[in-house]
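The values are calculated or read from the model by the stated rules, or taken from the named source; none is laboratory data. This one's a predicted model, so the numbers in the text were calculated from it and none came from an experiment. Because the Cβ atoms are built from the backbone with ideal geometry, glycine has one as well, and the counts that use them run over all protein chains shown.
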Amino acid sequence: MTHRFAAVDLGASSGRVVVGVFGDGTLDVEVVHRFANEPVRAGGTLHWDILRLYQGMLDGLARAGPVDSIGIDSWAVDYGLIDASGALLGNPVHYRDARTDGIADRVRDLYPVSGLQKLPFNTVYQLLAAAGTPQYRAAATLLMIPDLLAYWLTGEIGAEYTNASTTGLLDVRTGNWAWPLIADLGLRADLFPAIRRPGELIGHFRGTPVVAVGSHDTASAVVAVPADQTSFAYVSSGTWSLVGLELAQPVLSDASREANFTNEGGVDGTVRYLRNVMGLWPLQECVREWGSPDLAGLLAAAAREPALAYLVDLDDPLFLPPGDMVGRLRTAAGLPGEPATITRCVLDSLALAHRRALRQARELAGATPGALHLVGGGARNELLCRLTADATGLPVLAGPVEATALGNLLVQARAAGVVTGGLDALRALVRQTQQIVRYEPRGDDAPWAAAAARVGR
Ligand code: LFR
């Protein structure tokens, strides 16, 4: 007897619909539809093309055929506003839009309440930028991206917990909206719908259950980290690198706030203690500028470049917005214009940033992880995996590539009673069924320590 589930997984550069087939101790995944996610700048604002994404999702669900349920996840922090009739008030704004510039610095420290890393685009700052606009005044409800898509499928309104935890407006201790903070910031309390938890039924789409999953993509990715020990570290590697640990309790110390570590809500009440590292975004932007060259060839050429010759501090907000990435990297690192050299610079710098974030996480949480799991699209990038093993001094266990979709599928399968147990049981199934590649560190930290000193971190 097999069971089929559909995961809708929207990333910042592409979306996919993945079907998971669960048999007796088996799990096969198939990407049935992949579509581009291309933001659109209009009227000076960078938007998500949300209807195009919705259509991509519908096309994918049609290709998926009959399934036991559907789950949706996407990147975090962004939202749509709907009015009292349910109409969407404008296209959701992209978190890389400049409307939040300078806002975070004008707002009091929210860390003791939300436990959230201060990123300029956190929902709270986007809302402060939007407050007072006609759209904001006309809104009845705020829906995070996966909640908005689920609303279009089912007509049901709610705020999935893991994604709500990225708004900056959730109380990290209670797991509910931080009402006093919302009032204190002068935001409209009536915009925020009730919280729903991963595993809850949202509603139905043409008779098929739509189930809440870890709707923040990173939450779903962490579910599918194939760890076999309780203390492990992970990098969820895609447009961003989310580097950290899974904890039972948040870390809210001053040192943690200063290091800008986040305590996001995970599946089963876990805490995703991590830091956003700029990830593969700068390289994706360069590749776009270079007119999408052969990626495998580019990475092979980058692997032949001298190690650690050019470095940038990828934590610099300079690299956050889109456009002219090659120019920005060249100026910051004093780089020549060869794509292979630029690629090597980004990957060396990314491995170095992984090293820094991991060291900080270990120190701040007092944890001693034995291995580093690198999941997501970056697991395909051998050079990045090898450099990360060398930089961190830990064995890197790379894969699964589709961790986010897998985490989404596993939570649905558990809600349906097809798999049972805690996260350890879900992870055991990932270990048994998915391909994982091990990269041993070379064990020479000296060049990386010197590189860290050069970047000044
Ligand atoms: C990764 C991710 C990160 C979040 C960033 C912006 O896809 O969801 O976790 O900080 O995108 O939403």
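Among (1) within 16 Å of the ligand (Cβ to nearest atom); (2) touching a strand residue (DSSP E or B) at 6+ places or on another chain (Cβ under 8 Å); (3) on the phi < 0 side of the Ramachandran plot, where does residue 115 come up short? Result: residue 115 passes all but (3). Out of 297, 370, 323, one residue alone is under 29 Å from residue 101 (Cβ atoms), surrounded by fewer than 16 Cβ atoms within 10 Å (Cβ to Cβ) and assigned by TED's automatic domain parsing to the domain that holds residue 447. It is 323. Just a yes or no: is a residue in segment 134-145 in contact (Cβ under 8 Å) with a residue 40 or more places away in the chain, of a type in the set (Ser, Thr, Tyr), assigned by TED's automatic domain parsing to the domain that holds residue 116 and under 23 Å from residue 46 (Cα atoms)? Scanning segment 134-145, I find at least one residue that is in contact (Cβ under 8 Å) with a residue 40 or more places away in the chain, of a type in the set (Ser, Thr, Tyr), assigned by TED's automatic domain parsing to the domain that holds residue 116 and under 23 Å from residue 46 (Cα atoms), so the answer is yes.
Looking at the structure I just gave you, is residue 65 more than 16 Å from the ligand (Cβ to nearest atom) and without any contact (Cβ under 8 Å) to a residue 40 or more places away in the chain? Criteria not met by residue 65. Filtering segment 300-311 down to residues that are in a loop (DSSP other than H, G, I, E, B) and buried (at least 17 other Cβ atoms within 10 Å of the Cβ), which residue is nearest to the ligand (Cβ to nearest atom)? The extreme case among them is 311.
One residue stands out in segment 207-248 among those that are more than 11 Å from the ligand (Cβ to nearest atom) and among the polar types (S, T, N, Q): the one that is farthest from residue 4 (Cα to Cα), namely 231.
Looking only at segment 424-439, residues that are basic (Lys, Arg) and closer than 17 Å to residue 414 by Cα come to 2 in all.
Summed over segment 254-287, residues that are part of a helix (DSSP H, G or I) and either of a type in the set (Gly, Ala, Ser) or more than 21 Å from residue 315 (Cα to Cα) (or both) total 5.
Is it the case that residue 56 is without any contact (Cβ under 8 Å) to a residue 60 or more places away in the chain, buried (at least 22 other Cβ atoms within 10 Å of the Cβ) and either over 16 Å from residue 208 (Cβ atoms) or outside the structural domain of residue 123 (by TED's automatic domain parsing) (or both)? If you could, list the steps in order and put the result at the bottom.
On the way: without any contact (Cβ under 8 Å) to a residue 60 or more places away in the chain: yes; buried (at least 22 other Cβ atoms within 10 Å of the Cβ): yes; either over 16 Å from residue 208 (Cβ atoms) or outside the structural domain of residue 123 (by TED's automatic domain parsing) (or both): yes.
When the stated conditions are applied, residue 56 passes them.
Close Cβ contacts (under 9 Å, 6 or more residues apart or on different chains) running from residues in segment 163-177 that are at positive phi to residues that are away from the ligand (no atom under 15 Å from the Cβ) and of a type in the set (Gly, Ala, Ser) comprise 168/178; 175/269.
For the structure I just gave you, tell me whether residue 43 is surrounded by fewer than 15 Cβ atoms within 10 Å (Cβ to Cβ), free of Cβ contacts under 8 Å to residues at least 40 places away in the same chain and away from the ligand (no atom under 16 Å from the Cβ). Write out each step before concluding.
Details: surrounded by fewer than 15 Cβ atoms within 10 Å (Cβ to Cβ): yes; free of Cβ contacts under 8 Å to residues at least 40 places away in the same chain: yes; away from the ligand (no atom under 16 Å from the Cβ): yes.
Taking the combined requirement at face value, the residue satisfies it.
Within segment 163-193, being small (Gly, Ala, Ser) and surrounded by 20 or more Cβ atoms within 10 Å (Cβ to Cβ) holds for 164, 165, 168, 178. For segment 152-162, a residue qualifies if it is in contact (Cβ under 8 Å) with a residue 40 or more places away in the chain and either part of a loop (DSSP other than H, G, I, E, B) or among the small types (Gly, Ala, Ser) (or both), and the qualifying residues are 155, 156, 158.
Considering each of 26, 100 in turn, give the residue that is of a type outside the set (A, V, I, L, M, F, W, C) and more than 24 Å from residue 236 (Cβ to Cβ). Can you show your working first?
Working: 100 fails: more than 24 Å from residue 236 (Cβ to Cβ).
Selected residue: 26, the only one of 26, 100 that is of a type outside the set (A, V, I, L, M, F, W, C) and more than 24 Å from residue 236 (Cβ to Cβ).
Please determine whether any residue of segment 20-35 is under 21 Å from the mean Cα position of the chain (by Cα) and assigned to a loop (DSSP other than H, G, I, E, B). No, segment 20-35 contains no residue that is under 21 Å from the mean Cα position of the chain (by Cα) and assigned to a loop (DSSP other than H, G, I, E, B). Residue 5 passes every criterion in (1) within 16 Å of the ligand (Cβ to nearest atom); (2) buried (at least 21 other Cβ atoms within 10 Å of the Cβ); (3) among the hydrophobic types (A, V, I, L, M, F, W, C) apart from (1). I'd like to know if segment 79-101 contains one or more residues that are surrounded by 13 or more Cβ atoms within 10 Å (Cβ to Cβ), small (Gly, Ala, Ser), at pLDDT 95 or above and in a strand (DSSP E or B). Checked segment 79-101: at least one residue is surrounded by 13 or more Cβ atoms within 10 Å (Cβ to Cβ), small (Gly, Ala, Ser), at pLDDT 95 or above and in a strand (DSSP E or B). Looking at 361, 307, just one residue is closer than 26 Å to residue 371 by Cα and out of contact with any helix residue (DSSP H, G or I) (no Cβ under 8 Å at 6 or more places or on another chain), and that residue is 361. Residue 76 meets the conditions (1) small (Gly, Ala, Ser); (2) farther than 30 Å from residue 249 by Cα; (3) part of a loop (DSSP other than H, G, I, E, B) in every case but one. The failed one is (2). A single entry from 248, 233 fulfils the requirement of being surrounded by fewer than 20 Cβ atoms within 10 Å (Cβ to Cβ) and assigned by TED's automatic domain parsing to the domain that holds residue 395: 248.
All conditions in (1) surrounded by 20 or more Cβ atoms within 10 Å (Cβ to Cβ); (2) of a type outside the set (D, E, K, R); (3) assigned to a helix (DSSP H, G or I) hold for residue 135, with the sole exception of (1).
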